[in-house]
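Worksheet: the structure to be examined is printed underneath.
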Amino acid sequence: MPNVPPLPFERPVVELEETLSKLEAILDPSPDDQDAIRKLRTSIVRKRREIFDNLDAWETVKVARHLERPQTLDYIELVFDEFVELHGDRAFGDDRAIVTGFAKLDEYKVMFVGQHKGRNLKERNECFYGCAHPEGYRKALEKMRMAAKFGMPIICLIDTPGAYPGVGAEERGQAYTIALNLREMSQLNTPIICVVIGEGGSGGALGIGIGDHIAVLQFAYYSVISPEGCAGILWKHVKHADAAAKALRFTSKDLLAFGIVDEVIPEPLGGAHRDHRGMAATLKGSLVKALRQLMAVPADKLLDRRYEKFRKIGVFEEQAVEVAVDEVTAAERASEDAANESNNKTDGPAKPTPAARGSAARARSSV
Amino acid sequence: MASAPNPPVTAEQAGPKKRGVPEGLWIRCPDCKATIFRKQVEGLLGLCPDCGHHFYVSSRDRIRQLLDEDSFEEWDAELRPCDPLGFADKRPYAQRLVEEQKKTGLSEACVSGRGYLRGRPLALGITDSAFIMGSMGSVVGEKLTRAIERATQSKLPMVIVSGSGGGARMHEGILSLMQMGKVCAALARFHEAGGLFVSVLTNPTMGGVAASFASLGDVVLAEPKALIGFAGPRVVEATVKQTLPEGFQTSEFLLKHGFVDRIVRRPDLRGELSRIIDYCCR
């Protein structure tokens, strides 16, 4: 990618590059010049590494949204040996924001599902900047169900600012189609690998994001809400998006620390947009490796494993009820000694309250 | 997610006066603008006597309205939220939690348990829109998941009454988003096991709550004129840059477009639920 416009925080590198190109333009460089050129080249690499090793959350978002960043259609070309697109959702129409079809990954035949944002204005208009409609999620589910039927593993590439917030999308059940995908994907008995390649925008990302191996590219992000949306609601103005980005803890490092993703896939120096082929090669390596591991998981263990993966996510405290903390609930329970006792006893996943309680209630309440 | 239909309540505004049936002897119906006697509204399960507008009811009142007297046994009341992200906007999340707990008398936005409805045993989950917009963080996700798992084990019908303007809770970041997947996975197993899930949508049910369990009922009921949808109306308006159609994202709109089975007035809810349970469960 020779003509990638620099991001604001790349300024120091750009300055070094300008000096370098001036030196390189000298027709008959002296040994001193040649020495300076060599030194500059090293320091450019070092500077760039230093900058990209220390990106803050908002800068990461800028990289994740970079217009030259490789997208789903690029990866289809660079990662897979063959792609046979399947367009139909069987109900409404062909959503260009989600691309699905048969693909060959090394020796594996897989079902490919990927969100595409558009690399030029024409593509972006066709696929609403990567914001899928219900028909897109429905198409994805149709194809994934077929994949499960024929024992084909599924690869999902996630890259969306969010599901499309429009009148038609609401009329056609955006909430329901995403919900259905969450439920059904948890039960598809075939390996599913999900990789966030750019933006993992909330429910729209999760709609194709339930799987056995979840990965994220180094400078991608995966968030409950866009930093702009969060800033608008909690800070009352979009201009605080950088603060919101920081607070939401959605960079690849955080995602790994919270146990949301299994793997962070490293990007080429300066971000994926600087080396599409390099990025694609790394991604392919990761996909093949993860797939090989998942193919070794016994079919009857796969779904339990997937269930547990999501089941364990969440951070909360679990303690015996303190009467003082929650007066109202405690007051309600004051008359229900049995229930109270059982609650105090239970630590960890509580079992349903004793049968004796249940039958007492039944006796009281049968009308 | 948080497609807030209304601007979130600030510290100054957030007195109990802003929530639900307003304090004071007389209140004004936001729908028909009639000045009505508060006690009368409460006697009508939170309905306006003039136009039938459905006021907010707390999860505690909802339990009283739906279940047989004293039959409710709460589950997992000891679960408490914490602040895994160290999140702070204008106020730290940890402080917000304490304030919300004080204001609402709830430990979290979800209450779950088992009880009897006209003698029929069931598992019940409620999200209370008074607590941080009824948004789903780790505790809400965990409580609902456990409730669904117990309902699966004990072969109980599951009823979830949703009220959430917030969807997935921003303050717990990606952990909140993943609760959608967690609850839906539990519902998938419940579904496989042949369990009956009735989802009751109340005003408002938006964002990540609408886009997960709330939409997945075998039967989906909605209270009249509730705001229900994926994206908040202001976000949609800003995106499509046109005025939204009349009644957009109301219960009636969802009924028309096929995502709600029945619109049920609050006084009829108990009867409707018991009839559905009788049809589906032996």
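General remarks:
- Surface accessible to a 1.4 Å probe, A:E18 within the full protein complex, Å²: 90 Å²
- Placed amide H near B:V161: partners under 5 Å, 5+ positions off or other chain: B:G125, B:I126, B:T127, B:V200
- Label zone at B:Q242 (point 7 Å along Cα-to-Cβ), backbone N below 19 Å, the range A:153-171: A:164-171
- Of B:K155/B:K182; A:K104/A:K143; B:K39/B:K90; A:K239/B:K241; A:K143/A:K309; A:K62/A:K284, those spanning more than 26 Å from alpha-carbon to alpha-carbon: B:K39/B:K90
- Label-to-label distance, nm, for residues given as A:E308 and A:A257 (7 Å Cα→Cβ offset): 2.6 nm
- Comparing B:D89, B:D128, B:D261 in a Gaussian network model of chain B where C-alpha atoms under 10 Å apart are linked, the largest mean-square fluctuation is found at B:D89.
- Given +1 at the Cβ of Lys and Arg, -1 at the Cβ of Asp and Glu and no other charges, the dipole of the protein assembly as shown around its Cα centre is 1080 debye to the nearest 20.
- Degrees separating the helix A:31-53 axis from the principal Cα axis of chain A, which is the longest one: 10 degrees
- GNM flexibility winner over chain B from B:T239, B:T202, B:T145 (Cα, springs under 10 Å): B:T239
- When both bridge partners sit in chain B, DSSP labels roughly 45% of those beta bridges antiparallel.
- Chain B - Cys residues lacking any other Cys C-beta under 4.7 Å: B:C82, B:C110, B:C184, B:C280, B:C281
- Test item: B:213-220 mean partner chain Cβ contacts at 10 Å: 3
- CD proxy at 222 nm, helix term only [per DSSP H run n ≥ 4: -39500 (n - 2.57); per residue of chain B; nearest 500]: -10000 deg cm²/dmol
- Helical content of chain A, expressed as a calculated mean residue ellipticity at 222 nm, amounts to -14000 deg cm²/dmol (DSSP H runs of 4 or more residues, -39,500 (n - 2.57) each, divided by residue number, nearest 500).
- When A:E24, A:E85 are compared by accessible surface with a 1.4 Å probe, the order from highest to lowest is A:E24, A:E85.
- Beta bridges per DSSP, both residues in the protein assembly as shown: antiparallel share near 45 percent.
- Calculated FRET value between A:K239 and A:E50, using beta carbons and R₀ = 22 Å, to 0.05: 0.20
- The local environment of A:Q293, defined by Cβ-Cβ distances under 12 Å, has a net charge of 0 under the rule Lys, Arg +1 and Asp, Glu -1.
- The residues B:W75, A:W58, B:W26, A:W235, sorted by heavy-atom accessible surface at 1.4 Å with ligands and nucleic acids left out, run B:W26, A:W58, A:W235, B:W75 from largest to smallest.
- Peptide B:117-123 has a mean of 3 when you count, residue by residue, the C-beta atoms of other protein chains within 10 Å of its C-beta.
- For A:Y222, distant residues with modelled amide H under 5 Å away: A:G200
- Segments A:101-113, A:200-212 sorted - mean Cβ within 10 Å per residue, highest first: A:200-212, A:101-113
- For the residues of B:203-212, the average number of beta carbons from a partner chain within 10 Å of their own beta carbon is 5.
- 3J(HN,Hα) along the range A:189-200, derived from phi through the Karplus expression 6.51 cos²θ - 1.76 cosθ + 1.60 where θ = phi - 60°, amounts to 8, 7, x, 10, 10, 10, 10, 7, 9, x, 9, x Hz, with x in place of Gly and Pro.
- Solvent-accessible surface ranking, highest first, for A:K236, A:K122, A:K143 at 1.4 angstrom: A:K122, A:K236, A:K143
- The peptide list A:182-192, A:4-14, put in order of mean Cβ contacts within 10 Å with the highest first, becomes A:182-192, A:4-14.
- Taking all protein chains as shown and a probe of 1.4 angstrom, B:S251 keeps an accessible surface of around 0 Å².
- Global form of the range A:179-325, assessed from the alpha-carbon gyration tensor, a/c cut-off 1.5: oblate
- The range A:131-139 - phi-based ³J(HN,Hα) in whole Hz, Karplus 6.51/-1.76/1.60, Gly and Pro as x: 9, 7, 9, x, 5, x, 5, 5, 4
- Considering only chain A, percent of DSSP beta bridges that pair antiparallel, nearest 5: 40 percent
- The HN-Hα couplings worked out from phi for the range B:35-46 by the Karplus form 6.51 cos²θ - 1.76 cosθ + 1.60 (θ = phi - 60°) are 8, 10, 7, 4, 4, 5, 4, 5, x, 9, 6, x Hz, whole numbers, x standing for Gly and Pro.
- Put simply, the amide H of B:A168, placed in the peptide plane, has neighbours under 5 Å in B:A2, B:M136, B:G208, B:V209, leaving out anything fewer than 5 places away on its chain.
- Separation in nanometres of the label points that stand 7 Å from Cα toward Cβ, at B:R28 and A:E107: 7.5 nm
- Distance between the modelled labels on A:A299 and B:K103, one decimal in nanometres: 5.3 nm (7 Å Cα→Cβ projection).
- Result for chain B in a Gaussian network model with C-alpha springs under 10 Å: among B:E237, B:E142, B:E42, the largest mean-square fluctuation is at B:E237.
- Cα gyration tensor shape of chain B, rounded if a/c is under 1.5, else prolate or oblate by comparing a/b with b/c: rounded
The values are calculated or read from the model by the stated rules, or taken from the named source; none is laboratory data. The model shown is predicted, which means the values in this text are computed figures rather than measured ones. In this analysis, Cβ positions are derived from the backbone assuming ideal geometry, glycine residues included, and neighbour counts consider all displayed protein chains. Ligands, DNA and RNA are excluded from the accessible area calculation, which covers all protein heavy atoms including side chains. Shrake-Rupley method; radii C 1.70, N 1.55, O 1.52, S 1.80 Å.
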